[in-house]
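Working notes, structure below.
The values are calculated or read from the model by the stated rules, or taken from the named source; none is laboratory data. Everything numeric here is computed off the predicted structure, so don't read it as measured data. When we count neighbours, we look across all protein chains shown, and the Cβ atoms used for this are built from the backbone with ideal geometry, even at glycine.
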Amino acid sequence: MEQEAKRALEVAVISDIHLGTYGCQAKAVLRYLKSIAPKILVLNGDIVDTWQFNKNYWPKSHMQVIRQVLKMISEGTEVHYITGNHDEMMRKFVGMKLGNFQVANKLILNLDGRTAWIFHGDVFDHTMKHGKWLARMGANGYACLLQLNKVCNFMSRRLGYGTFSLARRIKTAVKAKRGFEQTAADLAIEKGYDYVVCGHIHQPEIKTIQNKQGSVMYLNSGDWIDRLTALEYVSGNWKLHYQENTTGVPVFSDVEELENNKQLFQKMLLEFDLA
């Protein structure tokens, strides 16, 4: 059986994979990475979630993502690891270069005479600025929400009903109030960049944002929790890639994970006197 040809890209940007968490859709990430042949791959923060990392939970599919990135590096892809808040421990290695791989807090790329300013975006998050403990608490709550949502959707599908994403609605509603996009755009315009590329808020986007000083193209690579999106640049154009997902929501990766989520769901019911 012939292997499907990989799509040639000049730049691919992915962020917010959150490897090491139940919400991560590592198999979808792996399928995507195996389908592309980018000259440059930007891992724009929150790749391995060290905030919620549990040594007892590291599925084979999560390790396969790491191995695929290493394979791409060995085959000549230039890989930039941009640090985020959930993988902030990587900031200890900022400036490190090893062959085609390097770690940085931000990246500037020259693309056909235009400049792209790339960073994760947590610096604009009010909770990150003024209360890291609050951000961590919110991350743990978000993780529980993801697991609860997965259990509910599993049951909903078994009963023949549709699916929904609580995490998507809450994440978007909370982050949107902080003026994240406008803040990123204003700074990019001030610095004279043509593109500003972020992650962090899990909201895929490509749009032009203006202020009194000018305009800039704002791009966000989304996430690999429930949107499964990446930014791709080729022949002078940016586009959002939506990875196929037959359910449209996070799915159980294996029987073991299903059992873990059943136990978690039952525990939550007991805690809230709902069992």
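For region 21-36: of the residues being part of a helix (DSSP H, G or I) and touching a residue at least 40 places away in the same chain (Cβ under 8 Å), which is surrounded by the most Cβ atoms within 10 Å (Cβ to Cβ)?
Checking each candidate, the answer is 29.
Do we find that residue 83 is surrounded by 21 or more Cβ atoms within 10 Å (Cβ to Cβ), in contact (Cβ under 8 Å) with a residue 12 or more places away in the chain and not acidic (Asp, Glu) in this structure? It is true that residue 83 is surrounded by 21 or more Cβ atoms within 10 Å (Cβ to Cβ), in contact (Cβ under 8 Å) with a residue 12 or more places away in the chain and not acidic (Asp, Glu). Restricting region 91-104 to residues that are within 26 Å of residue 28 (Cα to Cα) and free of Cβ contacts under 8 Å to residues at least 24 places away in the same chain leaves a set whose member that is farthest from the chain's Cα centre (by Cα) is 102.
Here's the yes/no breakdown for (1) among the hydroxyl-bearing types (Ser, Thr, Tyr); (2) surrounded by 18 or more Cβ atoms within 10 Å (Cβ to Cβ); (3) modelled with pLDDT under 50; (4) at positive phi:
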{"position": "236", "(1), (2), (3), (4)": "no, no, no, yes"}
{"position": "247", "(1), (2), (3), (4)": "yes, no, yes, no"}
{"position": "262", "(1), (2), (3), (4)": "no, no, yes, no"}
{"position": "274", "(1), (2), (3), (4)": "no, no, yes, no"}
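Which of the residues belonging to region 37-78 are buried (at least 18 other Cβ atoms within 10 Å of the Cβ), part of a strand (DSSP E or B) and either over 15 Å from the mean Cα position of the chain (by Cα) or without any contact (Cβ under 8 Å) to a residue 60 or more places away in the chain (or both)? Those that are buried (at least 18 other Cβ atoms within 10 Å of the Cβ), part of a strand (DSSP E or B) and either over 15 Å from the mean Cα position of the chain (by Cα) or without any contact (Cβ under 8 Å) to a residue 60 or more places away in the chain (or both): 38, 40, 41, 43, 48.
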